[in-house]
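Okay, so here's the structure we're looking at.
The values are calculated or read from the model by the stated rules, or taken from the named source; none is laboratory data. In this text the structure is predicted, and so the values were computed from the model without any measurement. Cβ coordinates were reconstructed from backbone atoms using ideal geometry, including for glycine residues, and neighbour counts include every protein chain displayed.
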Amino acid sequence: MIKYFNNLIKWFEKHNKLSWIITILIAVFIFYFSSLSFEGVSSAGIKSNVSVIYHIGIFFFLSLFLFISLIKGKKNSKLFLFSFFVVLAYGIIDEIHQFFIPGRLCTGVDVFFDLIGILLALMVYLISLKLR
C-alpha cells in the first residue's frame, strides 16, 4: 500500500501541470464552500465530526498537491517551509473570509484542524521522499 501511494506521488510529480490544476481546483472549492451561507448554524462553536473531517481532509489534499506541485521530489527545505506557510495562510484567510458570510463562523479551531491536515500531508510527503 505504501509503495502504491509513493508511486502515485511520483506520477503526479512527473505530471506537474495536472498537480497544479488539482491544487488550484481544491483551493477554489474551499473558497466556494466557505462562501455558502448556512442558516441555523449554532454560534456555540461546537465542532461536528463532519466539520473536523472536512477541515483535516481538504487541507491535507490541498497541502499534498501543493507540495507535489512545488517541490517535485527535491529535498529543498525552503520550498517545504514556503509551501507550508502558503497553505496555512490560505486557511487563515479562509476563516477571515467566513467572518463576512452570514451564518458562518470565523474560528481558530478550524485553523487548528487545517494545520493538522497540513502536517499530515507534510509527513506523508516526507515519508514518500525518504522511501526513494
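Considering each of Phe38, Phe5, Phe60, Phe65 in turn, give the residue that is surrounded by fewer than 18 Cβ atoms within 10 Å (Cβ to Cβ) and closer than 24 Å to Val109 by Cα.
Phe38
Taking Ile92 and the conditions (1) touching a residue at least 24 places away in the same chain (Cβ under 8 Å); (2) within 12 Å of the chain's Cα centre (by Cα), which numbered condition does it fall short on, given that it satisfies the others?
Looking at each condition in turn, Ile92 falls short on (1).
Are any of the residues in the range 45-53 among the aliphatic types (A, V, I, L, M), surrounded by 18 or more Cβ atoms within 10 Å (Cβ to Cβ) and more than 13 Å from the chain's Cα centre (by Cα)?
For the range 45-53, residues among the aliphatic types (A, V, I, L, M), surrounded by 18 or more Cβ atoms within 10 Å (Cβ to Cβ) and more than 13 Å from the chain's Cα centre (by Cα): absent.
Do you know which residues across the range 94-111 are in a helix (DSSP H, G or I) and surrounded by 14 or more Cβ atoms within 10 Å (Cβ to Cβ)?
Those that are in a helix (DSSP H, G or I) and surrounded by 14 or more Cβ atoms within 10 Å (Cβ to Cβ): Asp94, Glu95, His97, Gln98, Val109, Asp110, Val111.
Need pairs with beta-carbon distance below 8 Å; first residue in a loop (DSSP other than H, G, I, E, B) and within the range 63-85, second not small (Gly, Ala, Ser); sequence gap 6+ or separate chains.
As it stands, the answer is Lys72/Glu13; Lys72/Asn16; Gly73/Lys10; Gly73/Glu13; Gly73/Leu129; Gly73/Arg132; Lys75/Leu129, since those pairs meet every condition given.
Applying the selection to the range 112-121, what residues are in contact (Cβ under 8 Å) with a residue 12 or more places away in the chain and either surrounded by fewer than 18 Cβ atoms within 10 Å (Cβ to Cβ) or part of a loop (DSSP other than H, G, I, E, B) (or both)?
Within the range 112-121, Ile116, Leu120 meet the criteria.
With the condition kept exactly as written, say whether any residue in the range 72-91 is over 25 Å from Leu18 (Cβ atoms), in contact with a Ser or Thr (Cβ under 6 Å, 6 or more places away or on another chain), loosely packed, with under 13 Cβ neighbours inside 10 Å and not basic (Lys, Arg).
Within the range 72-91, none of the residues are over 25 Å from Leu18 (Cβ atoms), in contact with a Ser or Thr (Cβ under 6 Å, 6 or more places away or on another chain), loosely packed, with under 13 Cβ neighbours inside 10 Å and not basic (Lys, Arg).
Can we say Lys47 is modelled with pLDDT under 85, within 23 Å of Trp11 (Cα to Cα) and outside any helix (DSSP H, G or I)?
no
Examine the range 30-44 for a residue that is among the charged types (D, E, K, R) and either under 19 Å from Leu126 (Cα atoms) or assigned to a helix (DSSP H, G or I) (or both), and state whether such a residue exists.
Scanning the range 30-44 turns up no residue that is among the charged types (D, E, K, R) and either under 19 Å from Leu126 (Cα atoms) or assigned to a helix (DSSP H, G or I) (or both).
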